[in-house]
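Bear in mind these aren't lab numbers, they're just calculated from the coordinates by the rules spelled out. These numbers were taken from a predicted model, which means no experiment stands behind them. Virtual Cβ from ideal backbone geometry, glycine too; neighbours counted across all protein chains shown.
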Amino acid sequence: MDQLGQQQPQQQQQQQQQQQQQTGTAANQVARTAGLPLSDFLMQLEDYTPTIPDAVTAYYLNCSGFEAADGRLVRLISLAAQKFISDITNDALQHCKMRGSQQSSSKTKGKDKRFTLTMEDLTPVLAEYGITVKKPHYYI
């Protein structure tokens, strides 16, 4: 009985050590794989050419007092600005489609319908993003 009593704590200790080793290796694997997508993203970012040129983004960053030593950071900010503008224009397009469907439900529907970005569509969308646009009192 005495030997059985000693073997059980030893087995429990061995099991605990194995669990700790497995947990440690799993944590190491997670830590290693967590860094890979970021490095892959940075490599893809170097190859991507955003719509807003890096020079334009760098100019406005410098005007605001931000100096970026790393070109990838400027490219990342260019990408974020592009996404912001893309979201605004997409929302404005949806607004234009909704307004167009309400006005002309009886007209012929064509696949090649063109939309024009107007201030009537853009103003409410910009207001959703916290940007207020005021129309001038007169046009020159």
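How far apart, in nm, are two points set 7 Å out from the Cα along the Cα-to-Cβ line at residue 73 and at residue 137? Rounded to a tenth, the inter-label distance reads 4.5 nm. Model label points for residue 80 and residue 102, set 7 angstrom from Cα along the Cα-to-Cβ axis, are 3.5 nm apart.
Charge tally for residue 129 (other residues, Cβ to Cβ under 10 Å; Lys, Arg +1; Asp, Glu -1): -3. Straight-line cross-link reach from residue 135 at under 18 Å between alpha-carbon atoms covers these aspartates and glutamates, not counting any fewer than eight positions away in the same chain: 120, 121.
Note that the range 71-87 has calculated 3J(HN,Hα) couplings of x, 5, 5, 4, 5, 5, 5, 4, 5, 5, 5, 4, 5, 4, 5, 5, 4 Hz, one per residue in order, obtained from phi through the Karplus relation 6.51 cos²θ - 1.76 cosθ + 1.60 (θ = phi - 60°); glycine and proline are x. Among the chymotrypsin sites (Phe, Trp or Tyr not before Pro) in the range 44-84, those placed in a DSSP loop whose Cβ has at most 14 other Cβ atoms within 10 Å are 48, 66.
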